[in-house]
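J.: Next up is a structure, given as structure tokens.
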Amino acid sequence: MPRRDIAELQLARLKATLQRAYDNVPHMRRRFAETGVTPDHLKTLADIRHFPFTGKADLRDNYPFGLFAVPREDVVRVHASSGTTGKPIVVGYTAGDIALWADLIARSLTGAGVTRHDIVHIAYGYGLFTGGLGAHYGAEALGCMVVPVSGGMTERQVTLMRDFGANVLCCTPSYALNIAEVTESSGIARNELKLRVGVFGAEPWSEAMRHELQTRLGLQAIDIYGLSEILGPGVACECTEQAGLHGWEDHFLFEIVDPRTLEPLPRGETGELVITTLTKEALPMIRYRTRDITRLVDEPCACGRTHVRIMRVTGRDDDMMIIRGINVYPSQVEAVLVGLPGIAPHYQLVLTRQQALDQMTVEVEIAPELPRDEATLTRVSREVQHRIKSTIGISCGVVAKLPGEVPRSQGKAVRVKDQRHTPG
């Protein structure tokens with residue numbers, strides 16, 4: 001679709017979404033009034049900048065169903081976040097929303113090279129987390145055979161992938177790394193698995209991690225993007241060109257804003273991604289602050305698709321660490337560590353506070369083939385410390401550990417262990 005036609009479709013759907021939220025969600029009507037706008041103020045897509053942002057606090061303050069724009073009887077499913085930092089984020093779906101979600105996942109999988117002839121092994125978590133059921137319904141809509149394994153029991157998963165002949169693996173990139181490790185330790189040769197495509201998301205990951213997964217699992221690693229507050233996975237997805245995630249603009253409006261001033265930034269500049277839903281029925285989201293740092297490109301992809309491309313998310317604004325005055329994202333550290341000779345691709349960042357300064361210690365594992373002695377651990381620690389200093393420009397502690405000592409992921413990886421506010 002030509003860019004002009006996409007914009008016309010977005011404007012019509014955006015007007016309808018603003019009106020639906022204004023008419024049916026008291027909280028949104030109050031927020032519009034506080035900002036001094038009504039749906040009638042929207043004349044062009046650029047006018048969205050005058051409307052209020054939405055964030056996690058709005059969902060928590062209206063827990064559980066206060067932001068729904070339809071009667072509760074029309075909501076056929078809810079999902080929720082873990083709620084580890086307070087009340088969980090609750091999102092709802094009408095039957096139409098579920099059908100839309102499945103369609104967008106099917107669209108995403110198609111762009112990734114998946115067909116109805118494939119067997120799709122889903123190791124995202126099922127339940128209130130959106131990953132498992134989102135991928136499941138989309139793969140079924142495409143006509144694939146679905147293996148709904150969820151997370152955990154990795155040895156059994158590897159056996160099932162080999163025995164069933166799965167072609168497609170859907171999970172977090174950190175869990176895919178765990179699968180690769182278990183495959184190798186089980187003595188299963190890479191060519192015994194029929195994996196061709198990996199659709200990985202739910203956490204930021206680097207190009208170095210992509211190379212690692214492609215090499216060890218023998219597949220093409222595709223990045224998929226989404227968040228529960230907007231829909232779930234399938235808001236955007238890479239195609240086989242692996243040149244940015246195609247954002248499905250017929251259903252979402254994407255903006256990039258300066259995370260400090262909240263002013264819109266021109267196309268191509270890096271900032272915080274803000275998303276407005278255009279067709280969501282149960283839970284319309286107006287200018288939702290994702291906190292994800294990225295940039296948008298609207299030149300057509302080599303695959304021919306004309307939707308805007310969301311370039312790889314480099315981190316989250318609220319994940320940014322300031323170490324000795326330098327801004328650092330966990331993904332930057334990952335890019336240094338993954339593929340570095342002498343260490344395995346497992347790591348954890350431990351944050352502590354000494355007096356008024358934040359300190360970071362990087363825990364890594366030595367490669368399995370290295371000697372397991374103190375001299376090796378010391379040498380690897382110094383080499384990694386030097387590489388981080390020369391690449392990112394920060395000084396940090398490094399602790400090298402023996403194979404298996406860094407915690408493994410069964411779902412979303414816990415890359416940062418924040419002990420800055422731990423008593424004592």
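J.: Express in nm, to one decimal, how much length is gained between Ile98 and Leu262 on full extension, taking 0.36 nm for each residue of separation and deducting their alpha carbon distance.
T.: Extra length from Ile98 to Leu262 when fully extended: 55.9 nm.
J.: Can you count the Lys pairs in the chain with C-alpha separation below 18 Å, eight or more apart or on different chains?
T.: For the chain, qualifying lysine pairs total 5.
J.: Over the range 1-138, with the other protein chains present, what is the accessible area per residue in square angstrom, probe 1.4 angstrom?
T.: In whole numbers, the range 1-138 has 47 Å² accessible per residue.
J.: Follow-up question, since we're still on this one. Tell me the GluC sites (Glu not before Pro) within the range 342-403 that lie in a loop according to DSSP and have at most 15 other beta-carbon atoms within 10 Å.
T.: Glu369
J.: Okay, next question. For Glu140 and Thr376, FRET efficiency with R0 = 60 Å and r from the beta-carbon atoms, rounded to 0.05?
T.: 0.80
J.: Can you pull the semi-axes for the range 165-256, root of five times each eigenvalue of the Cα gyration tensor, sorted largest first, whole Å?
T.: Each semi-axis is √(5λ); the values are 27, 12, 11 Å.
J.: Quick check for me: using +1 on Lys/Arg Cβ and -1 on Asp/Glu Cβ, what's the dipole size of the chain about its Cα centre, in debye to the nearest 20?
T.: Taking the Cα centre of the chain as origin, the dipole is about 400 debye.
J.: Same structure again: Any chance you could get the radius of gyration and Dmax over the Cα atoms of the range 1-84, in Å?
T.: 14.9, 43
J.: Hey, how many Å between the Cα centroid of the range 233-258 and the Cα centroid of the range 13-82?
T.: That distance is 22 Å.
J.: Taking the Cβ-Cβ separation of Val76 and Phe53 as r and a Förster radius of 25 Å, what is the calculated FRET efficiency to the nearest 0.05? Mind dumping the intermediate values first?
T.: Values: r = 28 Å, r/R0 = 1.13.
The calculated FRET efficiency here is 0.30.
J.: Hey, another quick one. Where in the chain are the DSSP H helices whose alpha-carbon span along the long axis reaches 20 Å or more and whose Kyte-Doolittle mean is at least 0.0?
T.: Span-like helices here: 95-111.
J.: So, in Å, what gap is there between the alpha-carbon centers of the range 390-424 and the range 120-176?
T.: 28 Å
J.: Nearest 500 deg cm²/dmol is fine: what mean residue ellipticity at 222 nm does the chain get from its DSSP H runs of n ≥ 4 alone, each adding -39,500 (n - 2.57), divided by its residue count?
T.: -9500 deg cm²/dmol
J.: Assuming a viscosity of 1.002 mPa s and a temperature of 20 °C, what translational diffusion coefficient in µm² per second does Stokes-Einstein assign to the range 44-121, Rh being the Kirkwood radius over Cα pairs?
T.: 138 µm²/s
J.: Give me the orientation-averaged projected area of the Cα convex hull of the range 258-391, in nm², one decimal.
T.: Projected area, direction-averaged: 13.1 nm².
J.: What is the distance, in nm, between label points placed 7 Å from the Cα along the Cα-to-Cβ direction at His421 and at Ile322?
T.: 1.6 nm
J.: From zero up to wherever the largest Cα-Cα distance of the chain sits, split into 20 Å bins and tell me the percent of pairs in each.
T.: For the chain, the binned pair fractions read 25, 56, 19, 1 percent.
J.: Thr240 to Arg30: extension gain in nm, 0.36 nm per residue of separation minus the Cα-Cα distance? Can you show the working numbers first?
T.: Working: separation 210, 0.36 × 210 = 75.60 nm, distance 4.40 nm.
Length gained between Thr240 and Arg30: 71.2 nm.
J.: Here's something else I'd like to know. Could you pull out the GluC sites (Glu not before Pro) across the range 163-252 that fall in loop regions by DSSP (anything but H, G, I, E, B) with no more than 14 other Cβ atoms inside 10 Å?
T.: Glu241
J.: Follow-up question, since we're still on this one. Once neighbouring chains are kept in place and the probe is 1.4 Å, which whole percent of the accessible area of the range 1-159 is contributed by carbon and sulfur?
T.: Exposed carbon and sulfur together represent 55 percent of the surface.
J.: Of all accessible surface on the range 269-384 at a 1.4 Å probe, what whole percent is carbon and sulfur? Show your work: numbers first, answer last.
T.: Working: 2230 of 4650 Å².
The C+S portion of the solvent-accessible surface of the range 269-384 is 48 percent.
J.: Ratio of alpha-carbon Rg to the 2.2 N^0.38 Å globular estimate for the range 37-185, to two decimals, please. Please report the intermediate quantities before stating the final value.
T.: Values: Rg = 19.1 Å, N = 149, 2.2 N^0.38 = 14.7 Å.
With N residues counted in the range 37-185, Rg over 2.2 N^0.38 Å equals 1.29.
J.: To continue, here is another question. May I ask you to derive the FRET efficiency for Gln214 and Glu369 from their Cβ-Cβ distance with R0 = 22 Å, giving the value to the nearest 0.05? List each step's numbers first, then the result.
T.: On the way: r = 21 Å, r/R0 = 0.96.
The calculated FRET efficiency here is 0.55.
J.: To continue, here is another question. What accessible area per residue comes out for the range 171-214, rounded to a whole number of Å², with a 1.4 Å probe?
T.: 35 Å²
J.: Here's a follow-up. In whole Å, what are the extents of the range 253-293 along the principal axes defined by its C-alpha atoms, from largest to smallest?
T.: That works out to 31, 17, 15 Å along the principal axes.
The values are calculated or read from the model by the stated rules, or taken from the named source; none is laboratory data. Worth saying up front: this structure is predicted, and the values here are computed from it rather than measured. Don't worry about glycine lacking a Cβ; one is built from the backbone with ideal geometry, like all the others, and counts go over all protein chains shown. Areas reflect the complete protein model, heavy atoms only, side chains present, ligands, DNA and RNA absent. Shrake-Rupley method; radii C 1.70, N 1.55, O 1.52, S 1.80 Å.
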